[in-house]
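The values are calculated or read from the model by the stated rules, or taken from the named source; none is laboratory data. Just so we're clear, the structure is a prediction, and the values are computed from it rather than from any experiment. Here the Cβ is made from the backbone with ideal geometry for all residues, glycine too, and neighbour counts use every protein chain on show.
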Amino acid sequence: MTKNRRYFMILLLTLLMTLGMASLAYAAGGVVPAPEGHTPHFPNWYAIGWTAVNFFILLALLYKFAFNPINKMLEERTNTIESSLKHAEQVKVEVEEMRKEAQANLAESRKQAQEIVARATKAAEDAKNEIITKAQEEAENIRQKAYAEIQAATEKAKIELKDAAAMLALMAAEKVLERAITDEDHKNMVTKFINEAGDLMC
Amino acid sequence: MGENKKNWPKALANAINLATSVAAVIALGILGGGWLDKRFDTGIVFTAIGTLLGVATAGKIMWERFNEISKTGKKDKK
Amino acid sequence: MFTFGMLDGVLFHLGPIPVDHIVVTQWAIIALIGIVAFMATRNMQMVPRGLQNAFEALIVWTYDFFTQLMDKEHIAKKYAPLLSTFFLFIIVSNYSGLIPGAGQIPGYQPPTANWNTTLALALITAFTVQVAGFAEHGLHYLGHFVSPSPLMLPLNLLEEIAHPLSLFLRLFGNIFGEEMILAFMLFLAPFFVPSLLMGLSVLLAAIQAVVFTILSANYIATATGEGH
């Protein structure tokens, strides 16, 4: 499409140029005359020198207005692109670093949390154990105390029983014998009896 | 590498260069010889020499170009 | 007056130095290119647009083109401005002959239709080629004139002279011939045939500028190359 249009434009341009040329030629002489003049003088060293000078003027102009600024711009553009690439690389590295840091932080906190939970669990366990131990100890104490009391009561009862038995035996013996016995005999007898009775009873 | 196919400016330049150099060298030989003949009034001696020189130079140019092409062709094959 | 390529005359004298018509035309062409370049780079932007974009693209393209053409990048960078200037100057000169009035308005005709102009350009090329050779290889550059043997000296010299001569004659011949044919056609048939020819001329003018530039680049590349 564009190509066709370009060809059309070239055709139109040439037509326009020819029209211009022809009309100018007609205006100049009514009819187109044959070319006048002669082939340019050669070598025309003035013209050659002028052309060389003009060429170098053009070269200088283009250096000033085209090559230098464009080279500078190209260089600048290269630098910009390079620096932005470098910057992007740097940012990437930074992000990677941050990510690693965050990951490390996360692991650290997870570990800490775990530690805390472990510690709390252990404390609870300890408390439980302590309570249980204390309770058991207390129970043991109570039991022992009760046992001691029972023991003491039994002992007391035993002694009372012994006294009572001795008294009864004495009374019975007095009754049986109806005579006074010496204290010595008395004591020996009673003790012997009690011991026997005690062995039997207990 | 296909470098030859890709480098069309060089191929074009070499082609134009070969064609125009051969033509210009022969023309220069003949015309220069003719000019010298006219200058020194020597018949066709210089024209003949110039023509021979021109043709020889044309041959030399072609020979060089041919060598270059075959060299790069070998380089491409490697 | 009706002088297609046949114009030869001094317009005025600058002190003792005569200024020809074509010199003034060249001044106009230089001014045109200079103004366009100035407009394009007057306000350089990081992100190019408009005229700056087009101009930059052109310059960058020529850099790439010459780098491809010359193998050695530092040589291409060094001589690309000169070659681009050749191209711009020649193409604008060639096209100036296609504007209505060229060759009809007294004193106005394309400078490249005058063989003094093309000779000057070819001489600049020849000079640049030798300078480039010496700058790259030093005195070793002289060695390539006697390679592969001193017997080849005349042949090598002939080739070296033929280069600028072919540049000079081709450019002049094409543009001058084009002008002549145009004049002749306009003389025979004032409208239709010349318009066809002008379409061709638009193409030919560009091709001649490209050919001149490419050949100059090739000569510089050969002079600065490995040598043969």
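Values for this structure:
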item: Conditions (1) in a helix (DSSP H, G or I); (2) surrounded by fewer than 18 Cβ atoms within 10 Å (Cβ to Cβ); number of the one not met by A:Phe42; result: (1)
item: C:Val19 under 16 Å from A:Gly49 (Cα atoms), surrounded by fewer than 20 Cβ atoms within 10 Å (Cβ to Cβ), of a type in the set (Val, Ile, Thr) and modelled with pLDDT under 80; result: no
item: Segment C:112-168, subset of a type in the set (Gly, Ala, Ser) and out of contact with any Ser or Thr (no Cβ under 7 Å at 6 or more places or on another chain), residue surrounded by the fewest Cβ atoms within 10 Å (Cβ to Cβ); result: C:Ser149
item: Filter result for the condition that a residue is assigned to a helix (DSSP H, G or I) and within 9 Å of another protein chain (Cβ to nearest Cβ), over C:Leu123, C:Leu151, C:Leu139; result: C:Leu123
item: Matching entry among C:Ile75, C:Ile91 (being touching a residue at least 40 places away in the same chain (Cβ under 8 Å), surrounded by fewer than 23 Cβ atoms within 10 Å (Cβ to Cβ) and over 25 Å from A:Ala47 (Cβ atoms)); result: C:Ile75
item: Helices (runs of 4 or more DSSP H) wholly inside chain B containing at least 2 residues that are at pLDDT 85 or above; result: B:8-40, B:45-77
item: Tabulated pairs, segment B:17-40, first more than 9 Å from chain C (Cβ to nearest Cβ) and farther than 14 Å from B:Lys60 by Cα, second of a type in the set (Gly, Ala, Ser) and not in a helix (DSSP H, G or I), C-beta under 7 angstrom, 6+ apart or interchain; result: B:Asp37/B:Gly43
